[in-house]
Amino acid sequence: MYTKLNLIPLFFIIFFRTSVAFQDGILFSTPNFPQPYTGQLSERRSVSVNETQGVAVVFEQFLASAHDCVIACPTNNDGCSSLCGDAMDHGLVPKILRVPGSADIAMVSIEQNDGFPHSGISGKIISYDLNTISFFQCNDQVDLSTGETYYLVSQNYPLSPTTEFSSCSINFSTSGNRQGIRFAVYDFYTNQNQKDSFFITGSNGQNVKITGFATEDEPVVYYFQNGANAIFSITHQDHSFIQKRFYILVKSYEIAAEKQCDNMGNFNLALGQSINFGTKQFGINSYDNNLNCGYNFSRVATANSLFALGIQYESEKCCDTMVIDGLTEYEQIYQGFQYSNLFFTKSQQVSFLFQSDGIIGGTGLNASLEHIDCTCSPDMMLGKNSVLTSPGYTNSISYCPGLECSSNIEFQDDLYDLQLEFTDISLRGYSLNNETDSLTVYDSYQHIVVQMMPFYAAFTSFWATVSPVNVQFISKSLTAFPLDQIGRGFSVNLNLLKKQFVTNNIVFNDAFFFEDISNLLLKSGNTYEFVITGRAGHQISIYFFTKTTNQVFIDIFDGDSMDAKRIDNKALYSNVLENGPSLSLTTTSEKAILHVRGNPTFLQPGTDFQAMITDLKLPTECGPLVHSMREQKTSSGDITLRGNNCYKVLHFSDSSYNQGAFMNIAFSKPISSKIFYGLTTSSDDCIAHNSSEPIAQDLFKNYLVLQYSTTDISSVSYSWAISSGIIARTMQPGETVVLVSDDYRKYNASPLDQQFSVQLEGESNVQTGLMCEFLADSGSGAGTLSWSSYDDIKQKTSYSNAKKSLKYASCGNKLLVDYTSPDGGPDNGLYLKITRADLRCSRSPMRLSISVIVLLTVSFISLIF
């Protein structure tokens, strides 16, 4: 696919001689060729030829970044063609761009360069005759003494010749210092069965025959001295799946003595030792011609060591090679386009031989070989801050393959929390089967705290409250990787931070066996410690109401010290049911220690932890002890009540801890039961001794405790919401309404203004009024009671520090109760019972007038008739 470019018109008009033996044209290359290049390319030019000619772009070197291209377009038309990246590295890729007529030529980077110092691009823009499409003339005499490259390219390349060639000969000669001639065959296919032939004969009697698909695997090269003659015959074919063709670079060179590289010789590497070697000024200058560089390395094998080879390499594809022996089972030969890899080998001996001929060159060789230690870090007992790293992190190029490291990190968890702060995490992402390296941190319960895969880019700080923590580092067995994906490994700081305990001792007895442990200041960093002692023979159960996965540390010790066995808290990660029977974890004895701490890494604003503790154990027939609801204005559904001397704790989770949150409760039928206001069984908090007794419709507590006995199957349901504005109730003449303020029996209540309205309905002509009775002292709570009838105020009475059993009665069918509490405290609160009074109250004046009019009308009608 080609995107049309806006070319900068730099015009060149080429006039060619009659003979094309010297292939006149325009030379072009990447900056400072043959030196390697790394920058962006942006060169554009327009080339004009006459009407009978076309423009061809041929290359002697094309090893570039993948998105660096040469693009050839007709001047006044689309239909561009291009070559990009490593064109000289592939035998099946044509090494030419052809345009019929004048052309726009661009050498550009169409995307960001890959940063590797590539050998570059070098070529020539030449013309050709549109009728013959030939780049040579048979029987030409070519003098190569100037060092210029001759492009021996078949007629109509890259397609099969349009005419037959029989015994075509081209003679090459050289003189002066350049006595060598090289034929670099980059693309070649002829059919010997069709009597095709190609010979090169040397002046010294050396003869070469090239047949078939000679470049199927790699280019081939032939060297001659002083002179050589290419003789070939190619038959014509109209149709063929494979095109007959050849692309051969012919160039002279100086025959000179061999040169050597730095750090050549034999080396024995101790464990942890590394050595750098390669061609001089890698990435800056092209390597020298006529190099013969040998390196031999050995090591004394240990149980946990390997050779690690980091190598960058690029050379002229046809002719310069590096042979590596010992890296794998077979000898490896490197030539051509970029190799940037990391290799690991168990071999105890590795050798390298880099050779170049007398022409061109390329980027070269830059390598480092290390005798790498693959030993995993041992278990650690922290007495102070420390660091854990992957094997070889501090001094090696990367970590070894095939690692299965597991390090236990122990610390004194009765004094400290442990912070794992990852300062570096770089894992290899290269994979052939979708399996990649990984680092996994487990807490002492063997739950996964974090699993880091390649390209991990999330949280880097993690905490543990109990010892030990396990760090598992797994690397796959793949032994070859691109250098840009080798991975450094990991480094993690292990920081000890002293615990800040806030301790609460809880001792249960027959009168006290429930305790709420909600609304903790989690962001404080404190460890909230609950030391729990149950009644003899009882077990401790903790019920959980909110999901706090990863946000809150919850550690339960099954005994009276932190040396006791911990209870597995895995169920808390997924099994907490926020609407329904509550999940509990239970000890094996009457002793327990519970620690609750916010996780500094994952704690979110507004994260809420709600739970309760009890040592109450019920018979199976009683069913689940605790039910909780998190959703507002949603019924719990029927909760079965059955059994003898059973308890049910009803709870709702209001994370805002709004003082106006209330619960509504309803029984399916009357049963023998006590209802306790709050998480208590104290007689002071009993608001009903039977389910049929009237209780407030809005109960401003997030707990109710039911104690009941029944042989029949009954049920209770409840819901919760948050009040807003006046609380209005209606009542029938025989009904009782109970009102309770939202600060009643609360230890941490806020100042309050609250209003209630009770409307008596269904009154007969004889009105009796409404009576209210204080069921508890109001403390410092004060307010007014206003009776009215059809918006007529009948009486308004103020109250302050009202005492239990105080009663007020007045005429009127509507009672408005205003209540104000200036401060919080358990002794304040409004608890009021409203019933029909026993007064003789006059009817409304409006009703009397209406009654008189009705009677007079009836009498008048009687008199008329």
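What the table below lists for this structure:
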{"item": "Residue 818 being closer than 30 Å to residue 658 by Cβ, under 59 Å from the mean Cα position of the chain (by Cα) and outside any strand (DSSP E or B)", "result": "no"}
{"item": "Residue that is over 19 Å from residue 388 (Cβ atoms), assigned to a strand (DSSP E or B) and in contact with a Leu (Cβ under 6 Å, 6 or more places away or on another chain), where the choices are 462, 490, 481", "result": "481"}
{"item": "Filter result (touching a Pro at 6+ places or on another chain (Cβ under 6 Å) and of a type in the set (Val, Ile, Thr)) within region 84-126", "result": "99"}
{"item": "Residue in region 754-761 that is of a type in the set (Gly, Ala, Ser), over 47 Å from the mean Cα position of the chain (by Cα), surrounded by fewer than 15 Cβ atoms within 10 Å (Cβ to Cβ) and within 21 Å of residue 790 (Cα to Cα) present", "result": "no"}
{"item": "Qualifying position, being in contact with a Phe, Trp or Tyr (Cβ under 9 Å, 6 or more places away or on another chain), surrounded by 19 or more Cβ atoms within 10 Å (Cβ to Cβ), aliphatic (A, V, I, L, M) and at pLDDT 95 or above, among 552, 469, 502", "result": "469"}
{"item": "Qualifying positions in region 157-182 - among the polar types (S, T, N, Q), touching a residue at least 60 places away in the same chain (Cβ under 8 Å) and under 30 Å from residue 131 (Cα atoms)", "result": "160, 162, 163, 166, 167, 169"}
{"item": "Condition met for residue 702 (closer than 30 Å to residue 619 by Cα and modelled with pLDDT of 95 or more)", "result": "yes"}
{"item": "Extreme residue, nearest to residue 505 (Cα to Cα), among residues of region 626-645 that are in contact with a strand residue (DSSP E or B) (Cβ under 6 Å, 6 or more places away or on another chain) and crowded, with 18+ Cβ neighbours inside 10 Å", "result": "626"}
{"item": "Only listed residue being more than 29 Å from residue 589 (Cα to Cα), free of Cβ contacts under 8 Å to residues at least 60 places away in the same chain, within 37 Å of the chain's Cα centre (by Cα) and not assigned by TED's automatic domain parsing to the domain that holds residue 594, chosen from 459, 455, 473", "result": "455"}
{"item": "Strands (runs of 3 or more DSSP E) completely within region 23-126 that count 2 or more residues being outside the structural domain of residue 285 (by TED's automatic domain parsing) and without any contact (Cβ under 8 Å) to a residue 40 or more places away in the chain", "result": "68-74, 81-84"}
{"item": "In region 585-610, the residues that are of a type in the set (Gly, Ala, Ser), in a strand (DSSP E or B) and more than 33 Å from the chain's Cα centre (by Cα)", "result": "592"}
{"item": "Flag if residue 674 is assigned by TED's automatic domain parsing to the domain that holds residue 709, free of Cβ contacts under 8 Å to residues at least 40 places away in the same chain, of a type in the set (Lys, Arg) and surrounded by fewer than 21 Cβ atoms within 10 Å (Cβ to Cβ)", "result": "yes"}
{"item": "Output for region 520-543, where each listed residue is more than 14 Å from residue 596 (Cβ to Cβ) and in a strand (DSSP E or B)", "result": "533, 541"}
{"item": "Residue match in region 472-489 (condition: of a type in the set (A, V, I, L, M, F, W, C) and either closer than 27 Å to residue 603 by Cβ or exposed (fewer than 15 other Cβ atoms within 10 Å of the Cβ) (or both))", "result": "no"}
{"item": "Residue within region 567-575 that is surrounded by fewer than 17 Cβ atoms within 10 Å (Cβ to Cβ), part of a strand (DSSP E or B) and outside the structural domain of residue 630 (by TED's automatic domain parsing) present", "result": "no"}
{"item": "Any strands (runs of 3 or more DSSP E) falling wholly within region 358-434 and containing at least 2 residues that are out of contact with any helix residue (DSSP H, G or I) (no Cβ under 9 Å at 6 or more places or on another chain) and among the charged types (D, E, K, R)", "result": "364-373, 404-410, 416-426"}
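The values are calculated or read from the model by the stated rules, or taken from the named source; none is laboratory data. Since this is a predicted model, take the numbers as computed values, not measurements. Reconstructed Cβ throughout: ideal geometry from the backbone, glycine too, with neighbour counts over all protein chains shown.
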